[in-house]
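These notes are about the structure you will find just below.
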Amino acid sequence: MLRLAEKYSDRPIEELPPLFQRILQNAIRDFYRRQKIRNFWTTPLSTLLSGSDNSDDQDPLENFYAESDSNYFSDPAKQLAGTQHLGLIEKALESLPARQREAFLLRYWEDMDVATTAAIMGCSEGSVKTHCSRATHTLAVMLKKEGVEL
């Protein structure tokens with residue numbers, strides 16, 4: 001409703017119901033799309049985190065020791081695969097252009113919204129979305145070439 005009022009207050013009343021429906025559909029689609037992308041990229045990395053010590057000063061890319069009762073690392077082959085996947089993800093992130101890497105890490109690693117990311121990067125929200133989309137596509141292609149199925 002707020003988007004409708006902010007952007008289309010000058011429109012005739014007859015045009016408002018379809019506009020409201022379109023805004024609502026797009027907002028719902030955007031929410032689920034963001035959730036899908038966030039889960040796609042954070043799930044492989046979150047399995048490498050230690051379960052008990054998730055403090056903010058800990059770098060999960062450097063510390064990924066599992067608890068003794070963890071099922072994920074009970075198999076050494078899984079532990080090796082997780083370490084190798086993490087290395088491939090780091091390598092792929094390093095090869096991204098700086099702006100794409102910055103947008104991707106702020107949005108999906110730091111879990112910031114588009115507006116906050118745009119403010120930090122000093123660009124428009126559309127640019128952030130473009131950088132994230134391109135980074136996601138590039139990472140997916142690079143990881144698929146390496147044999148990583150996410």
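The values are calculated or read from the model by the stated rules, or taken from the named source; none is laboratory data. The structure displayed is predicted, hence computed values, not measured ones. Here the Cβ is made from the backbone with ideal geometry for all residues, glycine too, and neighbour counts use every protein chain on show. Accessible surface areas use protein heavy atoms only, side chains included; no ligands, DNA or RNA. Shrake-Rupley method; radii C 1.70, N 1.55, O 1.52, S 1.80 Å.
Structure notes:
- Only protein heavy atoms count here; under a 1.4 Å probe, Arg134 has an accessible surface of about 140 Å².
- On the stretch 71-127, 54 percent of the accessible area sits on carbon and sulfur atoms, based on a 1.4 Å probe.
- In this view, the solvent-accessible surface of Met1, computed with a 1.4 Å probe and all protein chains in place, comes to about 150 Å².
- Sorting Tyr8, Tyr108 by solvent-accessible area of protein heavy atoms yields Tyr8, Tyr108, largest first, with a 1.4 Å probe.
- Approximate spin-label separation Cys123-Glu146, in nm, with each point projected 7 Å along Cα-to-Cβ: 2.3
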